[in-house]
1. Once you mark the GluC sites (Glu not before Pro) that are in a DSSP loop and have at most 11 other Cβ atoms within 10 Å, what is the longest gap between them in the chain?
2. With just the Cα atoms defining each centre, how far is segment 13-31 from segment 80-97? Give it in Å.
3. With +1 on each Lys and Arg Cβ and -1 on each Asp and Glu Cβ, how big is the dipole of the chain about its Cα centre, in debye rounded to the nearest 20?
4. Summing -39500 (n - 2.57) over the DSSP H runs of n ≥ 4 in the chain and dividing by its residue number, what mean residue ellipticity at 222 nm do you reach, to the nearest 500 deg cm²/dmol?
5. Hey, of [x] 0.97; [y] 1.19; [z] 1.14, which did the structure itself give for Rg/Rh (Cα atoms, Kirkwood Rh) when calculated?
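Quick note: the coordinates plus some simple rules give every number you see, no bench work behind them. A quick note: this is a predicted structure, and the numbers were derived from the prediction, not measured. All Cβ positions, glycine included, derive from the backbone under ideal geometry; neighbour counts span all protein chains shown.
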Amino acid sequence: MRIINYDKLMNFIRGNPQYDFRETEDTVELLFHAPSEEEAAGTENAGDETGPMIRVLFTKRGGELVPREAWIERGSSRQRMSVDELDTWLEFVDMYT
């Protein structure tokens, strides 16, 4: 499980319409649409259909965010995912912010 700096994540998602977040004193909830397999592979233009929604809950610990829970939502279906599956994405955010 990878921890990320609060400011780095906020700088990455602010102003990006693909991301939405809600924040309380000790939690950040992040929501974003993952690209479809075709969009990610570059074989299909982004259309009206969006990929699955990813929902991640982070616990604030000082200036850091610790992933606590994550789900993939497709329509009315909700499937829990391991927070370890976020490591590559969090590494990308950390490196390019």
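1. On the way: sites that count: 25, 49.
With a cap of 11 other Cβ atoms within 10 Å, the longest stretch comes to 50-97.
2. What the calculation gives is 15 Å, centre to centre.
3. Details: 11 positive and 20 negative charges, 77 e Å.
Computed charge dipole of the chain: roughly 360 debye.
4. -6000 deg cm²/dmol
5. [x]
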